[in-house]
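I have placed the structure first, in the form of C-alpha cells, so that the comments after it can refer back to it.
The values are calculated or read from the model by the stated rules, or taken from the named source; none is laboratory data. Because the structure is predicted, anything quoted here is derived from the model rather than measured. We place every Cβ from the backbone using ideal geometry, glycine too, and count neighbours over all the protein chains shown. To get the accessible areas, we keep the full protein, side chains included, count just its heavy atoms, and leave off ligands, DNA and RNA. Shrake-Rupley method; radii C 1.70, N 1.55, O 1.52, S 1.80 Å.
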Amino acid sequence: MIAEDSVLLRVGLVKVLETAGFEVAAEVGDAQALLTAVAEHRPDLAVVDVRMPPGFTDEGVRAALEIRERWPDTAVLMLSQYVEERYAANLLASNTSGIGYLLKQRVADVEEFIEALRRVADGGTALDPQVVAQLLVRRRSDPLERLTEREREVLALMAEGRSNAGIAGALVVSESAVAKHINNILAKLDLPKADADHRRVLAVLRFLGV
Amino acid sequence: MTIPPRLRRALVRLRRDLLFLAAGVPLHAVPLLLSFWVLLQLQDILGPASDFGTLVLPVPVTLLILAAYGLTEAQRWRFRALCGVDLPRLRFRESKRQWAYNCLIGPLFGLLELLVLGVLAAALTAATSLLWVELLGWEWRVDHRGVWTWAGYATAVGLLVLAAVPALAGGLVRLENLVGRAVLHVSRSEELKRRVEDLTTSRAGAVDAADAERRRIERDLHDGAQQRLVALALNLGLAKATLKDLPPEVRQVIDEAHREAKEAIEELNSLVRGLHPAVLDELGLDAALSGLAARAPLPVRLWTDLPERAAPAVEAVAYFVVSEALNNVAKHADATRAEVTVTRLGEILRVVVADDGVGGADPSGGSGLKGLAQRVRSVDGAFRMSSPVGGPTTMTVELPCTT
C-alpha cells in the first residue's frame with residue numbers, strides 16, 4: 001500500500017517494493033483514498049507520505065494515526081521531506097511496533113530502505129537517524145545524562161529499530177559487546193528486570209521521551 | 001508647415017496656463033458665490049426691513065465651510081494635473097489654512113483669472129475686428145465712414161495685447177503656484193511624521209513580500225525539484241541494487257550518479273532550510289528550531305517557551321537568526337556546545353544563542369552578522385552581542401510581536 005502524491009516517486013516506490021518481494025495492493029495520492037484503500041485491502045504495511053493533498057501539511061500523519069487505531073495490525077512507514085520529531089513522537093506514543101519514520105531521501109539507498117521496510121512490516125521500528133538526533137535535542141536532564149558516549153550510540157541505534165546484530169554491524173564491535181552495553185544502559189536507566197525485549201522497548205521510549 | 005520647437009513649447013505652455021486659469025474660475029467662483037449669499041442673508045437679517053423671517057443663514061455658512069474641504073481636493077487635482085505640482089493632502093487640523101485659501105484668497109484669484117480670460121477674449125475680438133467689419137456688410141460700412149481706420153487701430157491694439165497674454169497668464173499661474181504652495185503646505189514635523197508612517201508601511205510590505213517570496217520558492221522546490229531528485233536517486237539506487245551483472249565501468253558510473261543525486265538532495269535540503277522551511281509555517285518556530293538544533297554539527301540544547309505563535313515575518317526572522325547564529329558558531333567559534341533559548345515575554349520574542357567558543361565575534365565586521373542585524377532591524381528588533389576574546393559568546397535578539 002503506497003500513499004504518495006508525487007507520481008514519479010510513487011512509481012519508484014512501487015518498483016522498490018516489488019523488487020523487495022512485496023505485493024503492492026494499491027497506490028493512492030491522498031489521505032482519504034489511503035483510508036478507503038486500507039479498509040478495502042487490509043495490507044500488512046502502508047507507506048505514507050507526511051505531506052499530501054489537499055492541505056499539504058500533516059494529512060499523512062493523521063491518516064497513519066487513524067490506521068493504527070482502526071487496524072492495529074497494519075504497519076505504517078512514514079516518509080517525510082523534513083524531520084518533524086513531533087509527528088514521530090505522536091506515532092510512537094501509542095505503540096512502537098510496526099512503525100517507521102524515515103526521510104524521503106533515504107529511499108535512494110534502496111537496500112537500507114528495503115531492510116527498514118522489512119523491519120517495520122515484521123512489527124519492528126525504523127526511525128531516521130535525524131529524527132533520533134532531533135529527539136535528543138529536546139532532552140535536558142534525565143538519567144540519559146549518566147550514559148557514556150558509546151552507550152548513547154547504542155541506545156540511538158536501538159531507537160532506530162536495529163537488532164543487536166545490526167547495532168554490532170553499525171558500530172563495528174562484537175555482538176557480545178553490544179549486549180554488555182545494553183545491560184549497562186538498562187541498569188543505568190533503572191529499568192526493572194523483566195522480559196528482556198520489553199525492557200528494550202522501555203529504554204527506547206525513555207530515550208525518545210515519549 | 002513645421003512649427004519651430006520654441007514656438008511649439010510656448011503654445012503648449014500657453015494652452016496649459018489658460019486651461020489652468022479656466023479650471024480655476026469655477027472652483028474659485030463657488031466660495032465667492034457662497035460668500036455673496038451669506039452677505040445677502042446678513043443684509044436681510046440686519047437690514048431695516050428685517051423681520052427675521054428668512055433665517056436660513058446657517059445653510060450657506062455650512063456650505064461654505066464644507067466647500068472649503070471639498071475644494072481643496074479639487075484644487076489639488078488642478079495643480080497636479082495641469083502644473084505637475086503635488087500639494088500635500090491636508091488634515092482636519094489644517095482646516096483653517098484650507099478655509100483661508102479657498103474662501104479668502106481663492107475669490108481674489110478667481111477675479112484675476114476672469115480678468116485675464118476677459119482680456120484674452122477682448123483682445124481676440126479686437127484683433128479680428130477687420131473680419132467683423134467685413135462680415136457686417138457694405139450698407140453698414142457706408143453709414144459708418146472711417147470704420148476701416150478704427151478697425152485697423154483695434155486690430156493693432158488687439159494683437160499687441162494678445163502678444164502680452166502669454167506672459168500675463170504665465171505670471172498668474174506662477175503666482176497661484178507660489179501662493180498655493182505657501183498656504184497649502186504641511187509643517188516640517190508633520191511632513192516627517194507622514195514620511196515615517198509611509199516608510200514604516202512600505203518597509204513592512206517589503207518584508208512581507210520577501211517572506212512570501214521565500215515561502216513560494218520553498219514550495220516550488222519542495223513540490224518540484226526535490227521530489228524529482230528523490231525519484232531519480234531512487235531509480236539509480238534501484239538500478240544499483242537490481243543490475244548486479246554489469247561491467248564494472250558501468251557500475252561505477254551508476255554509483256557516481258547515485259551519489260551525485262543524493263548529494264544534490266542534501267544541498268537542496270540545506271538551501272531550503274536557509275530559505276524558509278515549510279515546517280516553520282505548519283508547526284511554528286519550536287518545531288523548525290529543533291530541526292536546526294539537531295542538524296548542527298555540535299551539540300545544541302534548545303529551550304523554548306512559546307505560549308502562542310508570532311507573526312509569520314517575526315517567526316521567519318527568529319528562525320533565520322538561529323540558523324545564521326548556529327552556522328557562525330559551527331564555522332568560527334570553535335565551540336563544544338551551544339545553547340538556544342527562545343522565549344516569549346509579552347510582546348517580545350527573545351532569542352538567545354550562546355556558545356562556549358573562543359569569542360571575538362565582531363558584529364560590524366562579518367557580513368553574516370551584519371546581514372543578521374539588518375534582518376532583525378527589518379522588523380524593528382534589537383540586536384545585542386557579547387563576545388569577548390576568549391569567549392563565551394552570547395547573542396541576544398529581541399523581536400517585537402504586536403498581536
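Tabulated data for the structure shown
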| quantity | calculated |
| --- | --- |
| Helix axis angle, B:5-46 relative to chain B longest principal axis, alpha carbon, degrees | 70 |
| Residues of type lysines that B:Lys240 reaches as a straight line, Cα spacing below 16 Å, ignoring anything fewer than 8 places off in the same chain | A:Lys15, B:Lys262 |
| Carbon plus sulfur fraction of accessible area for the protein assembly as shown, probe 1.4 Å, in percent | 60 |
| Residue among B:His28, B:Val196, B:Ala122 farthest towards the positive dipole end of chain B, charges placed on Cβ | B:Ala122 |
| Summed buried accessible surface, chains B and A, 1.4 Å probe, nearest 100 Å² | 3100 |
| Dipole magnitude of region A:1-55, debye to nearest 20 (Cβ charges: Lys/Arg +1, Asp/Glu -1, about Cα centre) | 80 |
| Cα-projected label distance for B:Trp303 with A:Ala170, points at 7 Å along beta-carbon direction, nm | 3.0 |
| Within chain A: Cβ-based charge dipole about Cα centre, in debye rounded to nearest 20 (Lys, Arg +1; Asp, Glu -1) | 840 |
| GNM flexibility winner over chain B from B:Val376, B:Val340, B:Val59 (Cα, springs under 10 Å) | B:Val59 |
| Lysines whose Cα lies under 19 Å from that of A:Lys180, excluding same-chain neighbours fewer than 8 positions away | A:Lys188, A:Lys193 |
| Region B:208-275 - percent relative contact order, Cα under 8 Å, separation 6 or more | 48 |
| Order of exposure, largest accessible area first, which applies to B:Lys244, B:Lys193 with probe 1.4 Å | B:Lys244, B:Lys193 |
| Positive minus negative residues near B:Leu283 (Lys, Arg vs Asp, Glu; Cβ under 13 Å) | -4 |
| At R0 = 60 Å, FRET efficiency that the Cβ-Cβ distance of B:Ala29 and B:Leu271 yields, to 0.05 | 0.35 |
| Candidates A:Asp58, A:Asp109, A:Asp30, ranked by Gaussian network fluctuation over chain A, Cα under 10 Å, top entry | A:Asp109 |
| Charged-residue dipole, Cβ positions (Lys, Arg, Asp, Glu), chain B about Cα centre, Debye nearest 20 | 1400 |
| Length added when fully stretched, B:Thr402-B:Glu190, from 0.36 nm per residue minus Cα-Cα | 73.8 nm |
| Helix axis angle, B:367-377 relative to chain B longest principal axis, alpha carbon, degrees | 50 |
| Shape call, region A:1-48: gyration tensor on alpha carbons, a/c limit 1.5 | oblate |
| Average beta carbon contacts from partner chains per residue of B:290-302, 10 Å cutoff | 4 |
| Positive-end residue, region A:2-140 charge dipole about Cα centroid, Cβ charges, pick of A:Ile99, A:Ala33, A:Ala88 | A:Ala88 |
| Solvent-accessible area per residue for chain B (1.4 angstrom probe, square angstrom) | 56 |
| Residue among A:Leu17, A:Val7, A:Ala64 farthest towards the positive dipole end of region A:2-140, charges placed on Cβ | A:Ala64 |
| Cross-link partners of B:Lys370 among lysines (Cα-Cα below 21 Å; sequence separation of 8 or more within a chain) | B:Lys331 |
| Computed E for B:Phe36/B:Ala182 - FRET, C-beta separation, R0 30 angstrom, nearest 0.05 | 0.70 |
| Computed accessible area, B:Val186, all protein chains, 1.4 angstrom probe, square angstrom | 20 |
| Cα gyration tensor, region A:2-140 - rounded (a/c under 1.5), prolate or oblate | rounded |
| Local net charge near B:Lys262, Cβ-Cβ under 13 Å (Lys/Arg +1, Asp/Glu -1) | -4 |
| Computed [θ] at 222 nm, helices only, for chain B once each DSSP H run of length n ≥ 4 contributes -39500 (n - 2.57) | -22500 deg cm²/dmol |
| Region B:5-186 shape via C-alpha gyration tensor axes, a/c threshold 1.5 | oblate |
| Heavy-atom SASA rank of B:Val314, B:Val196 (probe 1.4 Å, accessible area, largest first) | B:Val196, B:Val314 |
| Nearest-ten-degree value, helix B:312-328 long axis tilted from longest Cα axis of chain B | 50 |
| Theoretical ellipticity at 222 nm over chain A - DSSP helices of four or more residues, -39500 (n - 2.57) apiece, nearest 500 | -17000 deg cm²/dmol |
